[in-house]
Amino acid sequence: MAHDGKAVHRSIVAVDIEGFGARRRTDADRLEVRTGMHQALREAFGTAGADLSSCHVDDSGDGVLVLVPPEVPKSTLVDLLPRALADALARHNEAAEPGAAMRMRMAVHAGEVTFDAHGVAGSAIVHAFRMLDASRVRVLLAKSDASVVLVVSAWIQDEVVRHLEPRVSARFTADEVTVKETTAPVWVRLFPAEASESVSRRMPQRPAADWRRHAYVNHDKLFGARDTVDAVTAAIMNERGGDVVSVVGEGGVGKTAISYEAVQAAVGSGGFTRVAWVSATKPHSGAGNSGSEPYRVTYWSDLQLEIATQLGLDLGPSRALWSAEFGRRVAGLDPGERLLVVVDNLETVPDATDAVQQLRRFGITNPHRLVVTTRWELTPHVDTVREHRVSPLSSADALALVRHIGANDPGLRSAPDSALQPVLDVTGGTPFLIRLAVRQYLSSHHPLDQVLHRLRELRDEAAPDLAAQVRSYLYVESLRELERRHGEEFADALLGAFCVKGRGDAFRFAELGEVSGIDDEDGFGAVLSTACQLSLITSFGDASEATLDRGYTIHSLLYDFTCGLP
């Protein structure tokens, strides 16, 4: 290859091995994986009619960059090549030990590249690797049983994919990735392994999805949070960093949702073998809470039992021995095991520091990870914590959220940004309050001008604690709408039921019906549905689950308002 400094056009194929650095792999496994990677690529390129020896190949350790000459049809690279690669990986995994089995992410782009004496460079190559490294692409593969996930650029989609046969092009799904300073549209497709049943049993086991059932989130899209999600994900995955990752911010800014996305991406990377997600539902510190030792022991015993159960650790029947047994079980794990524990809704500094100290005593220290969400900074109180602050949304992101929630409402669709400014002013860019305000408007069917006028009045009153006044107003208006539709008795019974448990705790459908005391089954289902529509209650769990299996909770801010806590 001549090094004359002139750029030339090349198709760009980049691949990366899922979970190459995972602790479940030994160094011998990684050597076998690398050998298998190159063999699989040679086989796949040969099957696709593109001789790999005619391409420029750079090895990155856990992946490969291939620059393909122009005479190779790009249509081959987005269909036949990934299918052939999935088949080659299946053959490798059939013979490999579990630690050496592998799956791959694959990115395809094209553009100008420049060769020099040391290799090759070009913005198109940078873009290909940004697509390959995106957390959304990692998660897509992690949540599937496919052998290969392919991500292609907008250029490849427009110039190549959309011109393929409809049966092929229709299998690509539009998405968007954000990595570092890059935010770009992409199209993705999964390629399953054509492998025998024995291969699937030999594939490295990823953590079960059960942890998601315990995460009280229900969002379809985050706004203004991509950088924070990526930073938290990187902190969780960094094996050289501290063992505690703290996600800190005011109530309602989206700490739980951001943590959920980051944990999902980190788990998808293959770096963790067991995951637990718990909500700190019975805080023992601060005003109105007992600080007595018996209460604290009972609380932490319950919490550690829940964590241990999710992690698959048997603590035995004796509560008095649980702490010691937890530590022994963690210490006795296989060296390849890596645990990830999330403790959500730690409302005070004493609660958060106590959680960290207790779990460290239980053995949740490096190489394991502990993620906590809290309203207060922990760096002055906890060693080796990596803290990530979640801020309210910018005006642009807040407006995007308003329009996203009200996408089907003509008034919101046609309203100029300036008309919606009161929503931003009184909610302060807090996603929870924005959702509450917009959902209340949509459910009330009041004129948009009337709703915005009242919000302007709230803003202009300039109360000493505007945030508290806004929350109270939004809660009261939403509760009034709930009462208008279903009666005061049903509304009060439903919301009051959450005061039986602790802040941030949750109910399953049948349990909530029983505790609320609403005997009318149809009436209970109807008032619950409306409360969810108004964002007074959050339902969580897999959307494919039956209603009876879903969980229900209320935000900690609404809990304080409803249950009369300070």
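Computed quantities for the displayed model
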| item | result |
| --- | --- |
| Residue satisfying condition, being of a type outside the set (K, R), surrounded by fewer than 19 Cβ atoms within 10 Å (Cβ to Cβ), within 19 Å of the chain's Cα centre (by Cα) and modelled with pLDDT under 90, within set A225, A215, A234 | A234 |
| Flag if S60 is within 28 Å of T273 (Cβ to Cβ) and hydroxyl-bearing (S, T, Y) | yes |
| Members of segment 342-397 found to be small (G, A, S) and under 25 Å from L315 (Cβ atoms), listed by number | A352, A355, G363 |
| The one condition in (1) of a type in the set (V, I, T); (2) assigned to a helix (DSSP H, G or I); (3) in contact with a helix residue (DSSP H, G or I) (Cβ under 7 Å, 6 or more places away or on another chain); (4) more than 18 Å from L65 (Cβ to Cβ) that V168 fails to fulfil | (3) |
| Among residues of segment 324-351, those that are part of a helix (DSSP H, G or I) and modelled with pLDDT under 85, counted | 3 |
| Within segment 100-157, tally of residues that are assigned to a loop (DSSP other than H, G, I, E, B) and out of contact with any strand residue (DSSP E or B) (no Cβ under 7 Å at 6 or more places or on another chain) | 4 |
| Residue match in segment 320-335 (condition: exposed (fewer than 14 other Cβ atoms within 10 Å of the Cβ), in contact (Cβ under 8 Å) with a residue 40 or more places away in the chain and outside the structural domain of G99 (by TED's automatic domain parsing)) | yes |
| Residue in segment 64-86 that is small (G, A, S) and in contact with a Phe, Trp or Tyr (Cβ under 7 Å, 6 or more places away or on another chain) present | yes |
| Test result for D79, within 25 Å of R30 (Cα to Cα) and touching a residue at least 40 places away in the same chain (Cβ under 8 Å) | no |
| Test result for K221, farther than 27 Å from T353 by Cβ, touching a residue at least 60 places away in the same chain (Cβ under 8 Å), out of contact with any Phe, Trp or Tyr (no Cβ under 8 Å at 6 or more places or on another chain) and among the charged types (D, E, K, R) | yes |
| Where a residue in segment 370-396 is under 24 Å from A215 (Cα atoms) and its partner, wherever it lies, is in a strand (DSSP E or B) and charged (D, E, K, R), with Cβ under 7 Å and at least six apart | T373/D344; E377/E387; L378/E387 |
| So V402, is it in a helix (DSSP H, G or I), outside the structural domain of A22 (by TED's automatic domain parsing) and either within 30 Å of R274 (Cα to Cα) or modelled with pLDDT under 85 (or both) | no |
| Pick from segment 144-189, criterion in contact with a Leu (Cβ under 7 Å, 6 or more places away or on another chain) and over 20 Å from S11 (Cα atoms), ranking: surrounded by the most Cβ atoms within 10 Å (Cβ to Cβ) | S147 |
| Positions within segment 130-140 being buried (at least 24 other Cβ atoms within 10 Å of the Cβ) and hydrophobic (A, V, I, L, M, F, W, C), in sequence order | M131, L132, A134, V137 |
| Subset of segment 506-528 (residues that are within 25 Å of the chain's Cα centre (by Cα) and among the small types (G, A, S)) | A506 |
| Residue match in segment 476-493 (condition: loosely packed, with under 14 Cβ neighbours inside 10 Å, at pLDDT 80 or above, outside any helix (DSSP H, G or I) and among the acidic types (D, E)) | no |
| Filtered residues of segment 359-394 (kept if polar (S, T, N, Q) and either within 19 Å of A225 (Cα to Cα) or surrounded by 19 or more Cβ atoms within 10 Å (Cβ to Cβ) (or both)) | T373, T374, S391, S394 |
| Residue among A50, A22, A14 that alone is surrounded by 14 or more Cβ atoms within 10 Å (Cβ to Cβ) and without any contact (Cβ under 8 Å) to a residue 60 or more places away in the chain | A50 |
| Flag for G99 being of a type in the set (G, A, S), within 30 Å of G336 (Cβ to Cβ), in contact (Cβ under 8 Å) with a residue 40 or more places away in the chain and surrounded by fewer than 20 Cβ atoms within 10 Å (Cβ to Cβ) | yes |
| Answer residue from segment 105-156, given it is closer than 21 Å to F191 by Cα and either among the β-branched types (V, I, T) or in the same structural domain as R226 (by TED's automatic domain parsing) (or both) and is nearest to the chain's Cα centre (by Cα) among those | V139 |
| Residue count, segment 142-183 (criterion: touching an Asp or Glu at 6+ places or on another chain (Cβ under 6 Å) and modelled with pLDDT under 85) | 1 |
| Selection from segment 352-386 of residues that are among the basic types (K, R) and assigned to a helix (DSSP H, G or I) | R360, R361 |
| Tally, over segment 416-431, of residues that are closer than 16 Å to V390 by Cα and either modelled with pLDDT under 85 or not in a helix (DSSP H, G or I) (or both) | 4 |
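The values are calculated or read from the model by the stated rules, or taken from the named source; none is laboratory data. Source: prediction; values computed, not measured. Reconstructed Cβ throughout: ideal geometry from the backbone, glycine too, with neighbour counts over all protein chains shown.
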